[in-house]
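The structure appears below as structure tokens.
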């Protein structure tokens, strides 16, 4: 008899035949448990891999640029022209410049060409400065006309 059977006999507190029978049952149970444990580990591992992969793909330059353009056009389409060409110009140019800033950020995130990366940095600084100037100018205008207009030049 092996050491396992002897130990089992001491644990069970009976005859060696009874201990051997208990040991064989326990061994089968342990083997089944090992198989089950491996199956559980494999399933958990696959589940972890599956859930760790994002359902949304990583942002790509194309998607990021498309998003910047869509946002810019959406904001520009909501501008209510006032009939004051200066105010309307600033109202339309602010989202246009913000779109340029957003696209420049995409270039900095994904671009490799050092010239274009440097240009993107300059665009961010200059366009933001111009947005600040236009916002200051808009502050001075009365932009609550009695009848806001949509001029043909403003919708193009």
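The values are calculated or read from the model by the stated rules, or taken from the named source; none is laboratory data. Keep in mind that what you see is a predicted model, and the values were worked out from it rather than measured. Glycine also receives a Cβ, built like all others from the backbone with ideal geometry; neighbour counts cover every protein chain displayed.
Please specify each residue of segment 69-88 satisfying the condition of being within 15 Å of residue 131 (Cβ to Cβ) and either modelled with pLDDT of 95 or more or within 29 Å of the chain's Cα centre (by Cα) (or both).
Answer for segment 69-88, where residues must be within 15 Å of residue 131 (Cβ to Cβ) and either modelled with pLDDT of 95 or more or within 29 Å of the chain's Cα centre (by Cα) (or both): 71, 72, 75, 76.
When segment 90-118 is examined, which residues are found to be part of a helix (DSSP H, G or I) and free of Cβ contacts under 8 Å to residues at least 12 places away in the same chain?
Residues satisfying the conditions are 114, 115, 116, 117, 118.
State whether one or more residues within segment 131-138 are modelled with pLDDT of 95 or more, touching a helix residue (DSSP H, G or I) at 6+ places or on another chain (Cβ under 6 Å) and surrounded by 14 or more Cβ atoms within 10 Å (Cβ to Cβ).
Within segment 131-138, one or more residues are modelled with pLDDT of 95 or more, touching a helix residue (DSSP H, G or I) at 6+ places or on another chain (Cβ under 6 Å) and surrounded by 14 or more Cβ atoms within 10 Å (Cβ to Cβ).
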